[in-house]
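The values are calculated or read from the model by the stated rules, or taken from the named source; none is laboratory data. Here the structure is a predicted model, which is why all the values come from computation and not from measurement. Cβ placement follows ideal geometry from the backbone for every residue including glycine, while neighbour counts extend to all protein chains displayed. For accessibility, only protein heavy atoms count, side chains too; no ligands or nucleic acids. Shrake-Rupley method; radii C 1.70, N 1.55, O 1.52, S 1.80 Å.
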There are 2 protein chains.
Amino acid sequence: MSFKDEMKAKVEEIEKQIRSFLPGEKGFQKTIFEAMNYSVLAGGKRLRPLLMQESCRLFGREGKEIVPFLAAIEMIHTSSLVHDDLPAMDADEYRRGRKTTWVVYGEDMAILAGDALMIYAFETAARAFRDTDRPDLVGRCIGILAEKTGIYGMIGGQTVDVEMTGKPVPEDKLDFIYRLKTGALLEASMMIGAVLGGATEEQISLMEQVASDVGLAFQIQDDILDVTSTSEVLGKPVGSDEKNEKTTYVTLKGLAEAREKVEFYSRRAAAALESLPVRNEFLEELLLMLMTREK
Amino acid sequence: MSFKDEMKAKVEEIEKQIRSFLPGEKGFQKTIFEAMNYSVLAGGKRLRPLLMQESCRLFGREGKEIVPFLAAIEMIHTSSLVHDDLPAMDADEYRRGRKTTWVVYGEDMAILAGDALMIYAFETAARAFRDTDRPDLVGRCIGILAEKTGIYGMIGGQTVDVEMTGKPVPEDKLDFIYRLKTGALLEASMMIGAVLGGATEEQISLMEQVASDVGLAFQIQDDILDVTSTSEVLGKPVGSDEKNEKTTYVTLKGLAEAREKVEFYSRRAAAALESLPVRNEFLEELLLMLMTREK
């Protein structure tokens, strides 16, 4: 099977697992169930659950505990998109060609749908306790999920990003925003996979570092594509960073240095992975694809 | 010590414990830390942690695992107030005599502060795993916290409440809103206390039922006070339900039947508590106070 076909099959499997946790659309609170499902089923690459699952496979021990976490991380990711799109935030009316949640369900329901997804992620993750002989590891994974989502993770990055909109951003702050806003959930994915896969403490740390580098490379590549690609290839407008007067690695350091950075972090991440006594070629290829993507 | 003095001392102790988990206001994401702390430290009766602690004491076994949960439940409660006050929701500019979070920090930061508190509640609760020999019980408590906060709990109740604003609400739906919006977090508080206190399955269920009745009685008493009290006694405007064309137990069933309901649920809750082989007089008095309060 080609990498692309393998990826497709894996994503379809994950898609099924995510769906199995979504609420049935009935009862007095039907509208919120619909708004949640509309948001989660809007498409998306399911990258975070995929990284989690493959990181778990890398270390060999698979267990049923990971399944609720695959759905949970995608719910968290979706909740952040729902709130990001709100009128008081980015005011986006479309995402992946579909109307955003607040446009369809109203601003109040979109706030509540984001909240609902955040909490339901933990409710889902906590199901992993129900039938496990490793409650300590599951507990640790819940802690990682919360930490990487919260004020020292994704939400922390978002708040700095929001605050700096329209202002010049120094490099250390830009680094901070990218590592937290984009990197943190990737770190959570790969760390949770590693913990449940039976990795050692050093290996869990290594996976955190790999994910952090991947997140940074991914985000800088995004900056590069915004000036070098076309809207036909990307499927979204290019040149938007300049239009929005957004500081990026490209505006800050120029295209050449941005490319060097992507190269540097990609190599470092790949080298770290290769230093492990175990291998997962699919994961290696996936990470390489993320860091050097052309769209 | 009088009940009032005892209450004051206990609340002060809880206040200290909550503060010990709040983030230090430094770093790139300083603003979000400030917005969180402003929201949590806006005052409030700290009722939910108090109920949790006293429910734990009722069953005798105390342990350090409960401390993070005391802070977590208050963070969840605060997060719901921060989002409820937003312009797209109730558009409240003042709460307890202070400007609401969105007025001080802007709408975008208030959305993020509510999100941050929700997630940080779980990050805090997950600290209980760090040094425990009961990870299964801590895991169960995290599950209860998520379930009672989420779409089948508080947030579920809020969404139906938001949807029904300005519309006639039948009694079963009003009951549903009250049990979920107000009752669910009280249930979480008393159940988590019971689980960590070493209660049996039947006792945990009983505490859930008691809390549900207390929540309902508390909320109906709120409806009653809105028409029978004065703004001087309540410290907030009276007659607001009529002004907002809000369906309440009083508008639906009249004052006499509303009073009977409070009486019924109060008695049932008290009787259930008394049926236990253990007693906690402070808890009994606290619950009675909540259900029959004059302000």
Query raised in the report: At 222 nm, what helix-only mean residue ellipticity would chain B give, in deg cm²/dmol to the nearest 500, using -39500 (n - 2.57) for each DSSP H run of four or more?
Result: -22000 deg cm²/dmol
Query raised in the report: Using a Gaussian network for chain B with springs between C-alpha atoms less than 10 Å apart, which of these wobbles most: B:Lys26, B:Lys148, B:Lys99?
Result: B:Lys26
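Measure off, as a whole percent, the carbon and sulfur share of the 1.4 Å-probe accessible area of chain A, all protein chains present.
Here it works out to 49 percent.
What accessible area, summed over both chains, is buried at the B-A interface (1.4 Å probe, Å², nearest 100)? Provide the component values of the computation, followed by the final result.
Details: alone 14310 and 14320 Å², together 24310 Å².
Summed over both sides, the interface buries about 4300 Å².
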Query raised in the report: For segment B:3-292, what is one quarter of the convex hull surface built on the Cα atoms, given in nm²?
Result: 14.9 nm²
Report task. Go through segment A:122-143 and flag every residue whose accessible area shrinks by 40 Å² or more with all protein chains in place compared to the isolated chain (probe 1.4 Å). Result -> A:Phe122, A:Glu123, A:Phe129, A:Pro135
Query raised in the report: Tell me, what HN-Hα J-couplings in whole Hz come from the Karplus equation 6.51 cos²θ - 1.76 cosθ + 1.60 at θ = phi - 60° for each residue of segment A:108-120, using x for Gly and Pro?
Result: 4, 5, 6, 4, 5, 5, x, 4, 4, 5, 4, 6, 5
**Report entry** Residues losing 10 Å² or more accessible surface upon assembly, segment A:68-115, compared with the chain by itself, 1.4 Å
**Finding:** A:His83, A:Leu86, A:Ala88, A:Met89, A:Glu107, A:Asp108, A:Met109, A:Ile111, A:Leu112, A:Asp115
Query raised in the report: Using alpha carbon centroids, what distance separates segment B:43-65 and segment A:21-72, in Å?
Result: 33 Å
Query raised in the report: If the label for B:Glu245 sits 7 angstrom from Cα along the Cα-to-Cβ line, what are its distances to the same label in every other copy, in nm to one decimal, shortest first?
Result: 4.4
Report summary line: With R₀ set to 41 angstrom, the calculated FRET efficiency between the beta-carbons of A:Arg61 and B:Thr292, to the nearest 0.05, is 0.15
Report task. Provide a list, ordered by number, of residues in segment B:23-67 showing at least 50 Å² less accessible area with every protein chain present than when their chain is taken on its own, using a 1.4 Å probe. Result -> B:Phe28, B:Gln29
Report summary line: Which residues qualify? For A:Arg95, with a placed amide H closer than 5 Å and at least 5 residues away or on another chain, they are A:Thr100
Query raised in the report: Using the alpha-carbon centroid of each, what span in Å lies between segment A:141-201 and segment A:217-243?
Result: 22 Å
**Report entry** Most mobile of A:Ala110, A:Ala125, A:Ala91 in a GNM of chain A (Cα contacts under 10 Å)
**Finding:** A:Ala91
Report summary line: With B:Pro68 itself left out, Lys, Arg at +1 and Asp, Glu at -1 over residues whose Cβ is under 10 Å from its Cβ give +1
Query raised in the report: With every protein chain present, what is the per residue accessible area of the protein assembly as shown (1.4 Å probe, Å²)?
Result: 41 Å²
Query raised in the report: Copy-to-copy spacing for B:Asp172, label 7 Å out on the Cα-to-C-beta vector, in nm, shortest first?
Result: 6.2
Report task. For B:Arg130 paired with B:Val278, estimate the spin-label separation in nm (one decimal), with each label point 7 Å from Cα along the Cα-to-Cβ line. Result -> 2.7 nm
**Report entry** Unit charges on C-beta of K, R, D, E only; dipole of chain B, Debye
**Finding:** 600 debye
